[in-house]
Amino acid sequence: MADEDAWYDRNRQILETAYLAGDTPQQQSGFNGDAAHWKRLRQVIADAIDHDGTILDVGCANGLLMETLVT
């Protein structure tokens, strides 16, 4: 179990370091592109929403996906 815990801890450290090093919200979400490219690639998610409701975003980086879906 200690090996598994160490693996998860190391991966968390790698991802946090990479995400926090980004200068833009897109980079801090693990995306390498500008805001327009982000929107274009994620528009398919917004297009699939056809009625009011709730979406649960679990562990998705900095929350940019949810923020951009409501705007």
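The values are calculated or read from the model by the stated rules, or taken from the named source; none is laboratory data. Computed from a prediction, not measured in an experiment: that's the story for all the values here. So basically every Cβ, Gly included, is an ideal-geometry build from the backbone, and we count neighbours across all protein chains shown.
Tabulated results
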| item | result |
| --- | --- |
| Unmet requirement for A48, which otherwise passes all of (1) surrounded by fewer than 12 Cβ atoms within 10 Å (Cβ to Cβ); (2) under 16 Å from the mean Cα position of the chain (by Cα) | (2) |
| Candidate set: the stretch 1-17, residues that are farther than 25 Å from Q27 by Cβ and of a type in the set (A, V, I, L, M); chosen: the one modelled with the highest pLDDT | A6 |
| Of all residues making up the stretch 51-66, the number that are within 14 Å of the chain's Cα centre (by Cα), acidic (D, E) and modelled with pLDDT of 85 or more | 0 |
